[in-house]
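The values are calculated or read from the model by the stated rules, or taken from the named source; none is laboratory data. This is a predicted model, so every value here is computed, not measured. Please note: Cβ atoms are built from the backbone with ideal geometry, for glycine as well, and neighbour counts cover all protein chains shown.
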Ligand SMILES: [Fe+2]
């Protein structure tokens with residue numbers, strides 16, 4: 001009943017040295033930044049909320065964004081050159097990918113080296129409508145090839161939501177790490193996603209945080225995010241773990 005008077009904390013005040021490990025800021029290769037100008041604008045806004053280090057993660061999605069290490073690295077080099085020209089050569093950026101767990105991905109594992117966030121950590125996602133039929137097989141295959149899956153935004157998969165969180169426990173038991181989207185903390189993707197996000201945080205099941213930025217409006221919203229003390233206490237260890245794990 002006192003919540004109205006509770007002190008709030010701006011999320012962006014806790015992002016010093018944060019590395020955004022999930023975003024779509026490379027130009028022209030997925031549904032994020034369309035042009036280099038877009039990329040530079042996004043990075044400018046990132047700097048305003050205190051973020052200047054990135055592991056960027058374009059979609060690799062066979063049907064829509066059939067990216068390869070070649071397309072991703074070419075876009076990365078292009079952006080880096082433009083950053084230098086714009087006097088922003090101090091921005092740290094390297095590229096990985098966000099792999100859709102589809103049939104093409106299943107065939108790719110073991111065929112070529114996947115782009116990893118770091119070491120053997122591979123960012124993966126699935127459809128918001130249903131899990132892939134062969135999800136367990138894909139996760140098993142990844143681990144056979146010595147990869148560790150990092151599931152992007154686990155809170156957004158409504159078909160995994162349940163009172164007991166048993167679907168999430170199962171994924172953890174199968175070796176998945178979890179990356180939460182920052183905007184889920186304020187219900188950007190819906191109330192259910194926010195509720196599950198905080199339950200996963202409370203259970204200590206969230207490993208890392210990312211922004212999943214595609215457009216300016218995501219960063220604009222992020223700059224307004226306020227958390228209660230309790231919420232902040234749940235999120236801070238995840239921010240710190242993300243920084244510690246991925247610093248380069
Ligand atoms: Fe993403």
Could you tell me whether region 47-61 includes any residue that is over 22 Å from residue 35 (Cβ atoms) and within 16 Å of the ligand (Cβ to nearest atom)? no
Which residue pairs have Cβ atoms under 6 Å apart, sit 6 or more places apart or on different chains, and have a first residue in region 221-248 that is over 16 Å from residue 50 (Cβ atoms) and a second that is exposed (fewer than 14 other Cβ atoms within 10 Å of the Cβ)? 228/6
For the subset of region 16-46 comprising residues that are surrounded by fewer than 21 Cβ atoms within 10 Å (Cβ to Cβ) and over 14 Å from residue 79 (Cα atoms), which member is farthest from the ligand (Cβ to nearest atom)? 16
For residue 231, work out the one condition from (1) away from the ligand (no atom under 16 Å from the Cβ); (2) over 16 Å from residue 153 (Cβ atoms); (3) surrounded by 15 or more Cβ atoms within 10 Å (Cβ to Cβ); (4) under 15 Å from the mean Cα position of the chain (by Cα) it doesn't fulfil. (4)
Give me a count of the residues in region 86-112 that are part of a loop (DSSP other than H, G, I, E, B) and either touching a helix residue (DSSP H, G or I) at 6+ places or on another chain (Cβ under 8 Å) or within 13 Å of residue 66 (Cα to Cα) (or both). 10
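Residues checked against (1) surrounded by fewer than 21 Cβ atoms within 10 Å (Cβ to Cβ); (2) within 16 Å of the ligand (Cβ to nearest atom); (3) not in a loop (DSSP other than H, G, I, E, B):
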{"position": "115", "(1), (2), (3)": "no, yes, no"}
{"position": "123", "(1), (2), (3)": "no, yes, yes"}
{"position": "137", "(1), (2), (3)": "yes, no, yes"}
{"position": "164", "(1), (2), (3)": "yes, no, no"}
{"position": "170", "(1), (2), (3)": "yes, no, yes"}
{"position": "189", "(1), (2), (3)": "yes, yes, no"}
Residues in region 59-69: is at least one modelled with pLDDT of 95 or more, farther than 30 Å from residue 108 by Cα and part of a helix (DSSP H, G or I)? no
